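Following: one structure in structure tokens, then a few remarks.
The values are calculated or read from the model by the stated rules, or taken from the named source; none is laboratory data. Computed from a predicted model, the values in this text were never measured in an experiment. Methodologically, a virtual Cβ is constructed for each residue, glycine included, from the backbone with ideal geometry; neighbour enumeration extends over all protein chains shown. With ligands, DNA and RNA removed, areas are computed over all heavy atoms of the protein, side chains included. Shrake-Rupley method; radii C 1.70, N 1.55, O 1.52, S 1.80 Å.
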Amino acid sequence: MQRPVKTAILALCAALSITSAMAAQGKPKAVVDEPIKDVGTVPKGEKIVHDFVIRNAGDAPLQITNVQPACGCTVADFDKTVAPGQTGKIHASIDTSTFNGAIAKGVTVFTNDTDTPSIELTIKAKVEPYISVKPGYARYIYVKGEPGKPLIGQTIWAPDGTAMDIVSVESTKPFLKTSFREAKPEERQGDVKGKQWRVEIELAEDSPVGALAETITVHTNHPKQKLVQIPVSGFVRPVLAITPPVADFGNIELKEPLKKAVNIRNFATEPIKVTSVDKTSLDGIDATLEPLTDGREYQVRV
């Protein structure tokens, strides 16, 4: 009858030893006194930078294992280890160039604190453009080589009348040419005092075929907003588009004639007549031309 009691006493002693060892080892405790930071009104295009302070209120080293921003606009650096009784920093940076109005951007901090394994940190702000742009974007649907200069103008001004000059204008691609000057009376927007400016964006006639996803950056001497970004989008089309560009039959075992179709479409202003198709020199291949819309769209059957 005595043996079970001894076993129970031994088990209790082992448990007490483990508890004592854990107590001696200690544990970290992550504390952030200000998890939400409201930075107030920020000019559009300006970077928001803030350091969140994380405190280790425990008695073992606090390990910050990872910091995950909620979106690509937020960049975070951090102290990986915080000693007991010390503080570390989570450094967050937000690019406001694509935002307007109230924003709330967050990062998630992961730690080795078993009671608080993750902490949500948030930066709030109101993004206000101190400079207005109309229309504020440039969109082109252009056929390469077409006559005329595809030119899109932008009027830029400070709505509160703050004195402002444009210092320079930069383009991300050489085929997007830019110029700027003071706006003419008929180009001004609203009854706003002070200078208004005109930025003109010109798409070169020899622009490469493909999608446009570029940015024009306007540098100003405005005391509260130094940069204005104007997105450029759209598409430069070829005069004639062939779809698909290659009639690929692949590796086949012919048991009956195999047919493919290739479409030819004219995007130019003037109609273009496709008159004939030269047959290939390969034996067994034939091609016929079929007008779908004369001067505009044709189909080649191979």
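Computed per residue of the chain from DSSP H runs no shorter than four, each worth -39500 (n - 2.57), the mean residue ellipticity at 222 nm is -3000 deg cm²/dmol.
With the Cα gyration tensor of the range 103-149 giving a ≥ b ≥ c as the square roots of its eigenvalues, does the rule (a/c under 1.5 for rounded; else a/b larger than b/c for prolate; else oblate) give rounded, prolate or oblate? It is oblate, given that a/c is not under 1.5 and a/b is not larger than b/c. If you take every residue apart from LYS144 with its C-beta less than 10 Å away from the C-beta of LYS144, what net charge results, scoring Lys and Arg +1 and Asp and Glu -1? That works out to -2. Between ILE141 and SER168, the distance separating the two model label sites (each 7 Å from Cα on the Cα→Cβ line) works out to 3.6 nm.
Near the amide H of LYS27, within less than 5 Å, lie the amide hydrogens of ASP59, ALA60, all on another chain or at least 5 residues away, with H placed in the peptide plane. Here the accessible area is traced with a 1.4 Å probe on the protein chains. For the chain, carbon and sulfur cover 54 percent of it.
Accessible surface computed residue by residue for the chain, with neighbouring protein chains in place and a 1.4 Å probe, gives 61 Å² per residue. Counting charges near VAL82 (Lys, Arg +1; Asp, Glu -1) among other residues having Cβ under 15 Å from its Cβ returns a value of -1. Quick one: divide the alpha-carbon radius of gyration of the range 109-240 by 2.2 N^0.38 Å and tell me what you get. Rg over 2.2 N^0.38 Å, computed on Cα atoms: 1.43. If you take all other residues with their beta carbon under 10 Å from the beta carbon of LYS29, and give Lys and Arg +1 and Asp and Glu -1, the sum is -1. Go through [x] -0.74, -0.94, -1.18; [y] -0.58, -0.82, -1.20; [z] -0.83, -0.94, -1.12 and flag the label whose value is the computed log10 I(q)/I(0) by the Debye sum over Cα atoms at q = 0.10, 0.12, 0.15 Å⁻¹ for this structure. Step by step, log10 I(q)/I(0) by the Debye sum over Cα atoms at q = 0.10, 0.12, 0.15 Å⁻¹ for this structure corresponds to label [z].
A DSSP coil position with no more than 12 other Cβ atoms inside 10 Å describes the following trypsin sites (Lys or Arg not before Pro) in the range 184-285: LYS193, LYS255, LYS259, LYS273, LYS279.
Taking each residue as 0.36 nm, the span from LEU289 to PHE249 lengthens on full extension beyond its C-alpha to C-alpha distance by 12.5 nm. Computed extension gain for SER118 through THR215, at 0.36 nm per residue and net of the alpha carbon distance, reaches 31.2 nm. Computed from Cα positions, the angle between helix 2-25 and the longest principal axis of the chain comes to roughly 60 degrees.
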